[in-house]
1. Excluding same-chain pairs closer than 8 in sequence, count the lysine pairs in the chain whose Cα atoms lie under 21 Å apart.
2. Calculate one ³J(HN,Hα) per residue across the range 122-131 by plugging θ = phi - 60° into the Karplus curve 6.51 cos²θ - 1.76 cosθ + 1.60, and present them in order as whole Hz with x for glycine and proline.
3. If you take every residue apart from Pro237 with its C-beta less than 15 Å away from the C-beta of Pro237, what net charge results, scoring Lys and Arg +1 and Asp and Glu -1?
4. Around Ile196, what is the net charge, scoring Lys/Arg as +1 and Asp/Glu as -1 over all other residues with Cβ under 11 Å from its Cβ?
5. Multiply the residue separation of Ser146 and Ser24 by 0.36 nm, subtract the distance between their alpha-carbon atoms, and state the gained length in nm to one decimal.
6. Any chance you could run the full-extension gain for Ile48 through Val32? It's 0.36 nm times the residue separation minus the Cα-Cα distance, nm to one decimal.
7. Compute the helix-to-body angle for 151-160: its Cα long axis versus the longest principal axis of the chain, expressed 0 to 90° and rounded to tens.
8. Do the sum for the chain: with -39,500 (n - 2.57) for every DSSP H run of n ≥ 4, divided by all residues, what is the mean residue ellipticity at 222 nm, to the nearest 500 deg cm²/dmol?
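Coordinate-derived values only; no laboratory data. Keep in mind that this is a model prediction, so the values were computed, not measured. With ideal geometry, Cβ positions are generated from the backbone for all residues, glycine too; neighbour counts draw on all protein chains shown.
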Amino acid sequence: MEYQEDTLMAVDHKKITFLQLFFSNKAAIFAVIIIVAFLLCAIFAPWIAPYPYDEQNLPEMMQAPNAKNILGTDEFGRDIYSRVLYGARISLQVGFLSVAISVIIGTVLGALAGYYGGVVDQIISGFIDIVWSFPISLLAIAVVASLGPSLINLIIVISMVSWAGYARLIRGQVLTLKEWEFVEAAKALGSSNLRIIFKHILPNAIAPIIVMSTLEIPKAIIVESTLSFLGLGVPPPTPSWGSIMSSGRAYILQAPWITMAPGIAMMIIVLAFNLFGDALRDTLDPRLNKEI
């Protein structure tokens, strides 16, 4: 009982130390506040938005920001603030879901390649090299153009072109960890290969994946906005930041707020995720922090 209590106290101390180290970084606090604010705005957009995102008001089209429309209106008189809020739902949904799928695919394939080696490693590494030989944006454009624009296709495409980085990272981690004593002990106890991979090796290799995923979410948001800007994103009238900027480019001189509002929102959330990922990396890296 005393041993268990001491172990629990040590785990709690470790968690407290991690949180203290993480939130001692002012950039991390700023990033968390911004990310949580954007998530809340995206989730509660139907209640926060003052107008429906597709409500047209032609007599008030291209109005500058004012008390009634705090971010102005577009070429159809639609409220830009409402459309940016709803656009956050699309961008964050694509960012989180595509990264989650990429992590699952990349982690499984990378773990199998690193653990089994040989032909399995050669085949999976070959697929990784093929994916990495194409620019992500161009490959995404080609695939979406073939499948057709939709939210599901966006998520699938971004996932299919992003898993290779996770696979390569996990492969390197597994190549190192599989030589450690605890893996040899698990083999001696008769554990199956899959049990060793998913219960013993991957939990010790998850930290870099968490950091990488926080840095890949803004990339997914940018890719989604790029595709939407080119007309390959979510079909109208559903707004996304890229499509809002695309519709406003023809009026950049008369109504710059149409393009600026979603552009600034995307810049802020991308910056926040990058700061969050950097702070998480600095906190989890044992070479930078000896207290954890």
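1. 8
2. 5, 5, 5, 5, x, 5, 4, 5, 5, 4
3. Local charge sum for Pro237: -2.
4. +3
5. This chain segment gains 39.2 nm when fully extended.
6. Taking 0.36 nm per residue and subtracting the Cα distance, the gain is 3.7 nm.
7. Helix 151-160 sits at roughly 40 degrees to that axis.
8. Computed ellipticity for the chain at 222 nm equals -23000 deg cm²/dmol.
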